[in-house]
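K.L.:
Sharing a structure with you now.
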Amino acid sequence: MSSKALFASAFGTLMLAGCVNLAPDYQPGALPVPADLPVSQAETETVQPLLWDDVVTSPALKQVIGMALEENRDLRVTAANVRAARANLRVSRSALWPALGASATIQDGGTFDEGSSGAARFADSTYAQIGVSAWELDFFGRIRNLNDAALQTYLATEEGQRAAKISLAGTVAETWMQLAADYELLKLANRTAESQTESLDLTRELFAAGTASELDVRRASASVAQAQAQAAEFEAAVRRDKNALQLLVGAPVPAGLLEQASLFPAPVELNLPVGQSSLVLLDRPDVRAAEARLRASNANIGAARAAYFPSISLSGGVGVASGSLDDLFNGNGTSGWTFAPAIDLPIFDFDRRRGNLDAAKAEADAALAAYQGTIQQAFREVADAAAISDTIDRRLSALAQLTEDTQVTFELSGERFRSGLDGYLTVLDAQREYYNAQQQWILASLDNNLNSIALYKALGTWSEE
């Protein structure tokens, strides 16, 4: 057979190689959640994507988040994993094409003549070749499925990186708002301690005048100690919040920047637009990453099935041989070529291929369950955020009224105590209720801010622009 006929035969076989794919049809199934999100204020089914730079309104917080996106070490690990997946994809794709290589050998040798002369005979040989080594023709799609699995794995890492950035931006904002709330609670505790210290001084004066008892003095002193203890507790919480932000950022934060954390005004948009359809969950990066892993496992089934069929590979080369190194390059060598198709037909392997196929199917089942579970978790996150959004205004309104009522009660009880109409216990109870009402107002305001970040983390997207 001529070399042209051999080339035509090989080319025809190569064309047939793209006709068979043993991977199962991709079937993600129906959404395992209700068709509509549990939101009551959605005006349209689709809304503009939520980006962190639009959700966050505080310039100081934006600066801290920007630093974290540049310096955070966990995010750098994620970026390195993306680069590794991209490199593995290049390695996988290389199997689709023949690998060319060059080789050369130089051999010196001879024989000893055992005749009367006792002379030795020497011989030289050289050989140089450029050839293709074991290029597998992907007749049953094994290499293409492995290549598709590598591509989907790479896409999953890219989506995972986007999800990590959304999570990091949200976590920095959450920690920032916790710091702001602890600042408010610390200021409240310090104000309360100062107010109760004044009450203690007054009680001591009344005790000296004989109009208050030692029990009143002890109660006033205990309330001061309690307020001072809480102030120390919140001061420690502020320091822990700063440490947490430093770790999230991954670099020293400029002096004075963290001191700008405040709940009032709100550092984020409190009324975020939310679409109605649950299909919006499919655009979440973590859901897209889970779907990519599901597609990769689907392709791995095709590769495992292909192992049951013969693999066909080609090798060959073109080279020059000569008896000396000089003749190899001066045109006196002998040229030649080789062409060697090979077939590998599996017969019996003690169930190795069956085990690999069963494992691939099980991994696909796990990937499907993980994909659907990710969607369900996303739905719950939106539902939880919607539950707070629907009730937070009523909660804040009630707490505002509670704060006003307890403040007036505290002021009136103080006047009655100074007039001798009531004991100090009434003042102490009123002051405690007023303090608790202010704490609840601060914590409700914190929840309102955190809920906006929860919605962003649940429905936010990432843009590299």
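K.L.:
Which value, in Å² rounded to 10, gives the accessible area of SER262 with a 1.4 Å probe and all protein chains present?
P.N.:
The value for SER262 is about 30 Å².
K.L.:
All other residues with a Cβ under 15 Å from the Cβ of LEU188 taken together, and with Lys, Arg as +1 and Asp, Glu as -1, what is their net charge?
P.N.:
That sum, taken over residues with Cβ under 15 Å, equals -3.
K.L.:
Could you list which residues have their amide H under 5 Å from that of GLU136, counting only those 5 or more apart in sequence or on another chain, with H placed in the peptide plane?
P.N.:
LEU314
K.L.:
Can you pick out the pairs among LYS62/LYS242; LYS165/LYS242; LYS165/LYS361 whose Cα atoms lie more than 24 Å from each other?
P.N.:
The answer is LYS165/LYS361.
K.L.:
Add +1 for every Lys or Arg and -1 for every Asp or Glu among the other residues with Cβ under 14 Å from the Cβ of GLY141, and state the total.
P.N.:
Neighbourhood net charge equals -1.
K.L.:
Once amide H atoms are built 1.01 Å from N in the peptide plane, which residues 5 or more positions from SER277, or in another chain, come under 5 Å H to H?
P.N.:
LEU37
K.L.:
With Cβ to Cβ distances under 14 Å as the rule, what net charge do the other residues near ALA383 carry (K, R +1; D, E -1)?
P.N.:
Surrounding charge for ALA383 is -2.
K.L.:
With θ set to phi - 60°, apply the Karplus curve 6.51 cos²θ - 1.76 cosθ + 1.60 along the range 403-411 and write out the HN-Hα couplings as whole Hz, x wherever there is a Gly or Pro.
P.N.:
Each residue's phi maps through the Karplus curve to give 5, 5, 5, 5, 5, 5, 4, 5, 5 Hz.
K.L.:
Also, I was wondering about something else. State the Cα centre-to-centre distance between the range 201-255 and the range 138-186 in whole Å.
P.N.:
Using only Cα atoms to place each centre, the spacing works out to 41 Å.
K.L.:
Using a Förster distance of 45 Å, how high is the FRET efficiency between SER94 and GLU269, based on the Cβ-Cβ distance and rounded to 0.05?
P.N.:
Efficiency computed from Cβ-Cβ geometry: 0.40.
The values are calculated or read from the model by the stated rules, or taken from the named source; none is laboratory data. No experiment lies behind these values; they were computed from the predicted model shown. Neighbour counts run over all protein chains shown; Cβ positions are idealised from the backbone, glycine included. Surface accessibility is based on the protein's heavy atoms, side chains included, excluding ligands, DNA and RNA. Shrake-Rupley method; radii C 1.70, N 1.55, O 1.52, S 1.80 Å.
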